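*Asks:* Structure incoming, see below.
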Amino acid sequence: MTPTSAPAGAVRQGSLRELNLAVVLGRIAAAERPPSRADLAAETGLTRATVSAVVEDLITGRLVTEAEPAPRAGAGRPARGLVLAGDGPAGLGLEVNVDYLAVCVVDLAGQLRHHTVHRADLRPVSPADALARLVELAGQARADVAAQGLTLAGAALAVPGLVDDAGMVRLAPNLGWRDVPVPAVLAGHPPLTEQVDGVPPLVVDNEANLAALGELHAGPAGPASFLHISGEVGIGAGIVLDGALFRGARGWSGEIGHIPIRPEGRPCRCGGRGCLEQYAGQEAILAAAGLAGADLPADTAATRLAELAGAGAEHALRALDEAGVALGVAVASVVNLLDLDTVVLGGGYAPLTPWLRSPVLAEISRRVLTAAWSPVTVRPATLGADAAVLGAAGSVVRRIIARPAGWLARVGSPTPR
């Protein structure tokens, strides 16, 4: 027998244990109230002995902890519910955008444990230098959460551009990046490159995709299908269909910022003309509002525009209306194509939704064939401007919940049962 081979029964036993771990942890994660061991046995069909053994493995691996039992009347010992642990593995979220770097850490229970945003115009900065700054911020986050007793289990990086399966940023036009091999540039920087159980520790993805995933899993269950639009200097979209992110044939879906609004209009950094970004991107709105050259970061720019619009400033209201019209034209095309009933405005658009919603809905009403029978909801994102970095960290946590055996193998696996 070779060192890598094993009896078929052992393989089946190990696979069954992995399945049981995932089923039980998934139930605990999705429960509205902390389930007891008896609850889990009833819900999953597993024996109480199997559930107890699996739960002990999860507790030992710092994935689950026992909640304080609720007070009860009458005799008998109250059952202890089970909740996701807040002192075990955590996900590191990273984001590179045109005018900022962001880092956050989210624990298994979904609590934000670290958050840093570094404001800087990254367009004049080389990819290597921008990523080096990000590594420094990641190191600070790692030290901070280690002091809190957490262990980073992996990282996800959000980038405003086209990213292939290998983590190569093929094109990020607003950053000026082309064919940047992010994993290779970051080689030698744990926890970004320290592979665990055969799983790459760093996943690189489009920022709008990660923002949409963050929105999908934020708070109470919302619509299963929606369009999430991130409005920054560039404009990206994440498309969620039936509870799953739609990536397209090559993983590059959602480039709504480069839908032409005026085919012979303003030149765009992508090489085209008349793209949505040139009429509804952050810099376009600021210019139309008379704030061009104000050098405002995304959050400050949105706040300033909201303040001016709230005060009735004509130039700000006109700029937001024009941006909303352009955005509505693009959104109507997507709704006609995909039959979506919810549009979520995220990033810098979130605080501007009160002024963008009306013109967007007007264009949807005018251009979507089914608008008279199937109204579309336009609302601000739950996570606002932090959706991408929070979605990145959350994606790491969800990988652990989906496959807890990988984490347990890292910390020392109990004997398979």
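*Asks:* Taking the stated definitions as given, is Leu340 farther than 20 Å from Gly238 by Cβ, under 28 Å from the mean Cα position of the chain (by Cα) and surrounded by 19 or more Cβ atoms within 10 Å (Cβ to Cβ)? Talk me through it step by step, then tell me what you get.
*Replies:* Working: farther than 20 Å from Gly238 by Cβ: no; under 28 Å from the mean Cα position of the chain (by Cα): yes; surrounded by 19 or more Cβ atoms within 10 Å (Cβ to Cβ): yes.
Here the answer is no, as Leu340 does not meet what is asked.
*Asks:* If you don't mind, another one. Give me the pairs: first residue in region 257-281 and under 15 Å from Gly348 (Cα atoms), second residue among the acidic types (Asp, Glu) and crowded, with 19+ Cβ neighbours inside 10 Å, beta-carbon distance under 8 Å, and six or more apart or on different chains, which are they?
*Replies:* The qualifying pairs are Gly257/Glu277; Gly281/Glu232.
*Asks:* If you scan region 102-132, which residues turn out to be in a helix (DSSP H, G or I) and either acidic (Asp, Glu) or surrounded by fewer than 16 Cβ atoms within 10 Å (Cβ to Cβ) (or both)? It would help to see each step written out before you state the result.
*Replies:* Taking region 102-132 and keeping what is in a helix (DSSP H, G or I), we get 127-132.
Answer for region 102-132, where residues must be in a helix (DSSP H, G or I) and either acidic (Asp, Glu) or surrounded by fewer than 16 Cβ atoms within 10 Å (Cβ to Cβ) (or both): Ala128, Asp129, Ala132.
*Asks:* Here is a further query. Among what's in region 324-337 and is under 17 Å from Gln278 (Cα atoms) and in contact (Cβ under 8 Å) with a residue 60 or more places away in the chain, pick the residue that is surrounded by the fewest Cβ atoms within 10 Å (Cβ to Cβ).
*Replies:* Going through region 324-337, the residues under 17 Å from Gln278 (Cα atoms) turn out to be 324-331.
Filter once more, so that each one left must be in contact (Cβ under 8 Å) with a residue 60 or more places away in the chain: 326-327, 329-331.
Values: Ala326: 28, Leu327: 26, Val329: 22, Ala330: 25, Val331: 28.
Among those residues, the one meeting the criterion is Val329.
*Asks:* In region 343-370, which residues are surrounded by fewer than 17 Cβ atoms within 10 Å (Cβ to Cβ) and not basic (Lys, Arg)? Explain how you work it out, then say what you get.
*Replies:* Initial filter on region 343-370 (surrounded by fewer than 17 Cβ atoms within 10 Å (Cβ to Cβ)): 354, 358, 362, 365-367, 369-370.
Passing the criteria: Pro354, Ser358, Ala362, Ser365, Leu369, Thr370.
*Asks:* Look at Arg33 and say whether it is surrounded by fewer than 17 Cβ atoms within 10 Å (Cβ to Cβ), at pLDDT 55 or above and not in a helix (DSSP H, G or I). Spell out the reasoning first.
*Replies:* Working: surrounded by fewer than 17 Cβ atoms within 10 Å (Cβ to Cβ): yes; at pLDDT 55 or above: yes; not in a helix (DSSP H, G or I): yes.
Yes, satisfied.
*Asks:* Still on this structure: Can you report the number of residues in region 133-169 which are assigned to a strand (DSSP E or B), on the phi < 0 side of the Ramachandran plot and in contact (Cβ under 8 Å) with a residue 60 or more places away in the chain? Steps first, please.
*Replies:* Keep residues of region 133-169 that are assigned to a strand (DSSP E or B), which gives 151-159, 162-163, 168-169.
Next, from what is left, pick out any that are on the phi < 0 side of the Ramachandran plot: 151-153, 155-159, 162-163, 168-169.
Retained after the next criterion (residues that are in contact (Cβ under 8 Å) with a residue 60 or more places away in the chain): 151-153, 155-159, 162-163.
Qualifying residue count, region 133-169: 10.
*Asks:* Among the candidates Ala224, Ala212, Ala244, single out the residue that is free of Cβ contacts under 8 Å to residues at least 12 places away in the same chain and of a type in the set (A, V, I, L, M, F, W, C).
*Replies:* Details: Ala224 fails: free of Cβ contacts under 8 Å to residues at least 12 places away in the same chain; Ala212 fails: free of Cβ contacts under 8 Å to residues at least 12 places away in the same chain.
Exactly one residue qualifies, and that residue is Ala244.
*Asks:* If you don't mind, another one. Looking only at region 195-216, which residues are of a type outside the set (Val, Ile, Thr) and modelled with pLDDT of 90 or more?
*Replies:* So the first thing to find is which residues in region 195-216 are of a type outside the set (Val, Ile, Thr), and the list is 195, 197-198, 200-202, 205-216.
Of everything in region 195-216, those that are of a type outside the set (Val, Ile, Thr) and modelled with pLDDT of 90 or more turn out to be Asp205, Asn206, Glu207, Ala208, Asn209, Leu210, Ala211, Ala212, Leu213, Gly214, Glu215, Leu216.
*Asks:* Please go through region 358-387 and give me each residue that is at pLDDT 95 or above and either touching a Cys at 6+ places or on another chain (Cβ under 9 Å) or of a type in the set (Gly, Ala, Ser) (or both), ordered by number.
*Replies:* Selection gives Ser358, Ala362, Ser365.
*Asks:* I would also like to ask the following. Which pairs do you get when a residue that is farther than 14 Å from Ala211 by Cβ, found in region 372-399, comes within reach of a residue that is at pLDDT 90 or above and assigned to a loop (DSSP other than H, G, I, E, B), reach meaning Cβ atoms under 6 angstrom, with the pair 6+ apart or on two chains?
*Replies:* From residues that are farther than 14 Å from Ala211 by Cβ, the pairs are Val376/Asp341; Val397/Leu108.
*Asks:* Here's something else I'd like to know. Hey, can you tell me all the residues within region 289-316 that are surrounded by 15 or more Cβ atoms within 10 Å (Cβ to Cβ), charged (D, E, K, R) and at pLDDT 75 or above?
*Replies:* Arg304
*Asks:* Name every residue in region 236-271 that is within 16 Å of the chain's Cα centre (by Cα) and outside any loop (DSSP other than H, G, I, E, B), in order of residue number.
*Replies:* Of everything in region 236-271, those that are within 16 Å of the chain's Cα centre (by Cα) and outside any loop (DSSP other than H, G, I, E, B) turn out to be Gly236, Ala237, Gly238, Ile239, Val240, Leu241, Ala244, Leu245, Phe246.
*Asks:* Could you grab me the full set of residues in region 40-53 that are assigned to a helix (DSSP H, G or I) and more than 31 Å from the chain's Cα centre (by Cα)?
*Replies:* First, the residues of region 40-53 that are assigned to a helix (DSSP H, G or I): 40-44, 48-53.
Ala41, Ala42, Arg48, Ala49, Thr50, Val51, Ser52, Ala53 - these are the residues of region 40-53 that are assigned to a helix (DSSP H, G or I) and more than 31 Å from the chain's Cα centre (by Cα).
For every residue, the table says whether it meets (1) in contact with a Ser or Thr (Cβ under 8 Å, 6 or more places away or on another chain); (2) of a type in the set (Lys, Arg); (3) more than 25 Å from Gly234 (Cα to Cα).
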{"site": "Val329", "(1), (2), (3)": "no, no, no"}
{"site": "Tyr349", "(1), (2), (3)": "yes, no, no"}
{"site": "Arg357", "(1), (2), (3)": "no, yes, no"}
{"site": "Ala371", "(1), (2), (3)": "yes, no, yes"}
{"site": "Val376", "(1), (2), (3)": "yes, no, no"}
{"site": "Asp386", "(1), (2), (3)": "no, no, no"}
{"site": "Gly391", "(1), (2), (3)": "no, no, no"}
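*Asks:* For Gly248, work out the one condition from (1) surrounded by fewer than 16 Cβ atoms within 10 Å (Cβ to Cβ); (2) closer than 23 Å to Val325 by Cα it doesn't fulfil.
*Replies:* Going through (1) surrounded by fewer than 16 Cβ atoms within 10 Å (Cβ to Cβ); (2) closer than 23 Å to Val325 by Cα one by one, Gly248 breaks only (2).
*Asks:* A follow-up question, please. Restricting the search to region 45-71, which residues are surrounded by 13 or more Cβ atoms within 10 Å (Cβ to Cβ), free of Cβ contacts under 8 Å to residues at least 24 places away in the same chain and polar (S, T, N, Q)?
*Replies:* Ser52, Thr65
*Asks:* Quick check: is even one residue across region 18-30 surrounded by fewer than 20 Cβ atoms within 10 Å (Cβ to Cβ), among the charged types (D, E, K, R), in contact (Cβ under 8 Å) with a residue 60 or more places away in the chain and farther than 19 Å from Glu68 by Cβ?
*Replies:* Yes - at least one qualifying residue is present in region 18-30.
The values are calculated or read from the model by the stated rules, or taken from the named source; none is laboratory data. Since the model is a prediction, treat every value here as computed from it, not as a measurement. Glycine gets a Cβ as well: all are built from the backbone with ideal geometry, and neighbour counts include every protein chain shown.
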